[in-house]
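Contents: one structure, followed by commentary.
Every number in this text was worked out from the coordinates using simple rules, so none of it is lab data. Nothing here was measured: the structure is a model prediction, and the numbers come from that model. FYI the Cβ positions are ideal-geometry reconstructions off the backbone, even for glycines, and counts take in every protein chain you see.
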Amino acid sequence: MNTRFIKISSATPEPIFIDDAAEVLLRGGLVAFPTETVYGLGADALNPEAVRKVFAAKGRPADNPLIVHIASIEQLFELGKDISPIAQTLAETFMPGPLTLVVKHSSIVPEIVTAGLDTIALRMPNHAVPLALIRALKRGIVGPSANLSGKPSPTTAQHVFDDLNGKIEMILDAGPTEIGVESTVLDTTTNPPTILRPGGISRERIEQAIGTVQTSKEIELLKRSPGTRHRHYAPKAKVVLIEHRNVAQLKHALHQFKHEGKKTSALVYSSELLELSNGSTFHKLPETIEGFSQQLFDKLRALDQLGSEIILIETVTETGLGVAVMDRLRRASEKM
Ligand code: AMP
Ligand code: MG
């Protein structure tokens with residue numbers, strides 16, 4: 001298959017490109033699109049054949065349900081049911097934005113989308129391109145990250161191309177994504193709601209809107225959000241985490257991997273650790289958590305391409321967006 005690569009405006013998407021992409025989706029084809037979090041791999045959510053192609057293109061296990069992207073609150077009620085008052089408040093407060101709500105699903109949702117669960121994950125992206133696309137199709141669009149399953153999520157159209165060229169019909173390129181980590185997934189069918197995956201909207205912001213929420217214990221999570229079981233966000237290289245500003249730990253790791261003859265690079269942001277740089281193997285990440293998050297997956301992919309065998313990464317403070325970033329760093333460093 002010849003994958004078409006189309007540059008589109010992120011602020012005012014050209015209608016001609018949106019119509020073209022919507023036509024592909026209507027025929028049951030796959031279109032990758034930008035969002036404010038990462039690039040998504042789109043298919044018509046009500047077409048089971050099209051959704052099956054998403055699982056095939058990504059190599060995604062069939063037990064990992066997909067997030068459906070919507071462009072209006074009405075679609076929340078079309079695709080979901082028994083929407084609680086808390087879920088409605090969350091939708092009013094955070095949609096569009098990087099918060100995915102898990103609710104009971106209505107009868108129009110194909111089983112393949114939800115991997116047989118009685119719930120569905122719904123999100124309204126805060127990006128003009130997918131919003132225009134959903135409106136043009138007049139249907140929800142499934143949108144898992146547009147990468148091969150298990151790889152770092154794509155934050156540029158080039159990342160999508162590297163993973164899925166020849167497997168999908170079209171890539172809409174609107175430049176690098178703003179947030180760089182995926183949405184927060186919140187189960188609103190429990191009381192209080194449960195954070196199944198930390199992401200772009202912090203726990204603190206959710207709690208400001210609706211009061212206390214819970215985070216699920218790992219073991220429970222496996223049952224409730226099957227996707228979190230699989231190894232994720234991982235480059236080919238082995239990822240080793242270095243505590244913030246821990247000079248001794250970084251020195252020790254550099255020494256050890258040099259001794260083992262491993263091609264080692266480091267992603268750091270504090271000046272103490274940067275000083276240990278021995279030339280080109282050190283890459284500086286931004287000191288702000290927003291900047292760190294935005295660039296992380298891109299750096300992981302770049303270092304893979306350079307053939308790094310070991311990537312040492314300085315950890316971040318686990319508050320706000322830092323919770324999601326640490327979740328991704330831990331998953332990237334696990335060998336599962
Ligand atoms: P991705 O689309 O790759 O960003 O991953 C979507 C995430 O949402 C995975 O962790 C899924 O397990 C989770 N998810 C999707 N649908 C549901 C659902 N109905 N209930 C719980 N988790 C879900
Ligand atoms: Mg993903």
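Using a Gaussian network model of the chain in which every pair of alpha carbons under 10 angstrom is joined by a spring, one finds that among Gly261, Gly211, Gly322 the greatest mean-square fluctuation is at Gly261.
Holding the Cα-Cα limit at 27 Å, pick out from Lys58/Lys258; Lys58/Lys251; Lys236/Lys258; Lys7/Lys262; Lys7/Lys138 the pairs that are longer than that.
Values: Lys58/Lys258 35 Å; Lys58/Lys251 38 Å; Lys236/Lys258 19 Å; Lys7/Lys262 39 Å; Lys7/Lys138 23 Å.
Lys58/Lys258; Lys58/Lys251; Lys7/Lys262, as the Cα separations exceed 27 Å there.
Summary of the geometry: the range 132-203 and the range 6-33, compared by the centres of their Cα atoms, lie 16 Å apart.
Sorted on the mean count of surrounding Cβ atoms within 10 Å across their residues, most packed first, peptides 140-150, 241-251 read 140-150, 241-251. Amide H contacts of Gly42 (H built 1.01 Å from N, in plane; Pro and chain starts excluded): Val31, Ala32, Phe33 sit under 5 Å, all sequence-distant by 5 or more or on other chains. Which of Gly40, Gly199, Gly166 moves most in a GNM of the chain, Cα contacts under 10 Å? For the chain, modelled as a Gaussian network with Cα springs under 10 Å, the answer is Gly166.
Once you keep just the Cα pairs under 8 angstrom separated by 6 or more residues, what percentage relative contact order results for the chain?
On the way: 714 pairs, mean separation 68.4, N = 336.
Relative contact order for the chain comes out at 20 percent.
Evaluated with a Cβ-only charge set (Lys, Arg +1; Asp, Glu -1), the chain carries a dipole of roughly 920 debye about its Cα centre, given to the nearest 20. Is the shape of the range 1-151 best called rounded, prolate or oblate, per the rule: a/c under 1.5 gives rounded, else a/b larger than b/c gives prolate, else oblate, with a ≥ b ≥ c the square roots of the Cα gyration tensor eigenvalues? Cα axes put the range 1-151 in the oblate bin. Mind telling me which of Thr317, Thr184, Thr155 comes out most flexible in a GNM of the chain, alpha-carbon contacts under 10 Å? Per the Cα network of the chain with a 10 Å cutoff, Thr317 tops the list.
Measure up Lys53/Lys151; Lys167/Lys238; Lys104/Lys167 against 21 Å on the Cα-Cα distance and list the ones that go over.
Details: Lys53/Lys151 18 Å; Lys167/Lys238 27 Å; Lys104/Lys167 32 Å.
In this structure, Lys167/Lys238; Lys104/Lys167 lie more than 21 Å apart at Cα.
With R₀ set to 35 Å, the beta-carbon distance separating Glu49 from Thr12 gives a calculated FRET efficiency near 0.60. Each label point was placed 7 Å from the Cα along the Cα-to-Cβ direction; for Glu111 and Glu260 their separation is 4.5 nm.
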